[in-house]
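Note sheet for the following structure.
The values are calculated or read from the model by the stated rules, or taken from the named source; none is laboratory data. These numbers were taken from a predicted model, which means no experiment stands behind them. We place every Cβ from the backbone using ideal geometry, glycine too, and count neighbours over all the protein chains shown.
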Amino acid sequence: MKNIRKILALVLALGMILVLAACKSGTDTAAPEEAAADSNTLIMATSADFPPYEFMENNDFAGVDIEIAKAIANKIGMTLDIQNVNFDAIIAGVATGKYQMGMSGITATDERRESVDFSDSYTTAVQAIVVKSDSGLTSLDDIMAIENYKIGVQLSTTGDIYVTDDCGVEHVTEYKTGADAIQALATDKVNAVVIDNEPAKNFVAANEGLTILASPYVQEEYAIALNKDNTELNNKINTALQELIADGTVQSILDKYITA
Ligand code: ARG
């Protein structure tokens, strides 16, 4: 009899342990959802390979976009969470809601507008053509006159899209980063690189023997990529950006990183 009681108690105890374990695992699986739903975190994707707009400095994010993003988050009372990803993952990640915004020297284009919304533009940029100083090349026509010429670009950038359209895919070599494309130019794997002008200036300054052609390629506008479904948050972000433009904050950030 005593034994039966003991066994019963044991079974009961075991049952309780199982129930508790089930409850615990229940809360465990719920935890990530809670984190994602944390309405006070603003998740921004960037590709920190693009000085002066975004780059790493002593293990920290720095640059124009980083400072504007911090100012926006501050204004709307959210905590900024910056995720460093490949440039070609930003628009897709914003479109699916993985990131709430993308700031990465992103050019607002009609094609991208099909999958994301854009804030107002916060600055203009221009696509530059970089060549070797001793190449004698002075224009895109000069480059296109070379047999089997190759132009290096960063994958999925507007530079990639324009050069593919204008020259044909067989003349384009895509690299993961702009720095990789510049490295390919320095080692004669490509005849030129098309990249945004300010990063071009940074890369040319850091690598001897390269120069930017005087005639710029394409003019464009940078804007923040936003998820199409987050109307309320997007409005807050855009209003904050407009205020930061109006009060001169954006200009002072640009002036800090870009010298004329
Ligand atoms: N403005 C160009 C584009 O939108 C290039 C941007 C590249 N940005 C970067 N962080 N690597 O396609």
Single unsatisfied condition, Thr96 versus (1) away from the ligand (no atom under 11 Å from the Cβ); (2) buried (at least 20 other Cβ atoms within 10 Å of the Cβ): (2)
Residues within the stretch 48-64 that are near the ligand (Cβ under 8 Å from one of its atoms) and in contact (Cβ under 8 Å) with a residue 60 or more places away in the chain, tallied: 3
Residues satisfying the stated conditions in the stretch 66-91, i.e. of a type in the set (S, T, N, Q) and not in a loop (DSSP other than H, G, I, E, B): Asn74, Thr79, Gln83, Asn84
Single condition Val126 does not satisfy, out of (1) in a loop (DSSP other than H, G, I, E, B); (2) surrounded by fewer than 14 Cβ atoms within 10 Å (Cβ to Cβ); (3) within 13 Å of the ligand (Cβ to nearest atom): (1)
Options Leu213, Leu233; residue that is surrounded by 17 or more Cβ atoms within 10 Å (Cβ to Cβ) and either under 30 Å from Lys75 (Cβ atoms) or under 23 Å from the mean Cα position of the chain (by Cα) (or both): Leu233
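Residue-by-condition table, conditions (1) farther than 25 Å from Asn227 by Cα; (2) at pLDDT 95 or above; (3) assigned to a helix (DSSP H, G or I); (4) out of contact with any Ser or Thr (no Cβ under 9 Å at 6 or more places or on another chain):
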site	(1), (2), (3), (4)
Lys24	yes, no, yes, yes
Thr27	yes, no, yes, yes
Ala31	no, no, yes, yes
Ala35	no, no, yes, no
Leu42	no, yes, no, no
Ala48	no, yes, no, no
Phe55	no, yes, no, yes
Condition check for Ile91: away from the ligand (no atom under 13 Å from the Cβ), under 19 Å from Asp229 (Cα atoms) and β-branched (Val, Ile, Thr): no
Residues being more than 9 Å from the ligand (Cβ to nearest atom) and either part of a helix (DSSP H, G or I) or more than 16 Å from the chain's Cα centre (by Cα) (or both) - total across the stretch 154-179: 14
Scope the stretch 146-156; condition in contact with an Asp or Glu (Cβ under 9 Å, 6 or more places away or on another chain) and closer than 14 Å to Tyr217 by Cα; matching residues: Val153
Close pairs from the stretch 150-165: first closer than 11 Å to Asp196 by Cα, partner within 9 Å of the ligand (Cβ to nearest atom) and outside any strand (DSSP E or B), Cβ under 7 Å, at least 6 apart: Val153/Gly159; Val153/Asp160; Gln154/Phe87; Gln154/Asp160; Gln154/Thr177; Gln154/Gly178; Thr157/Phe87; Thr158/Thr109
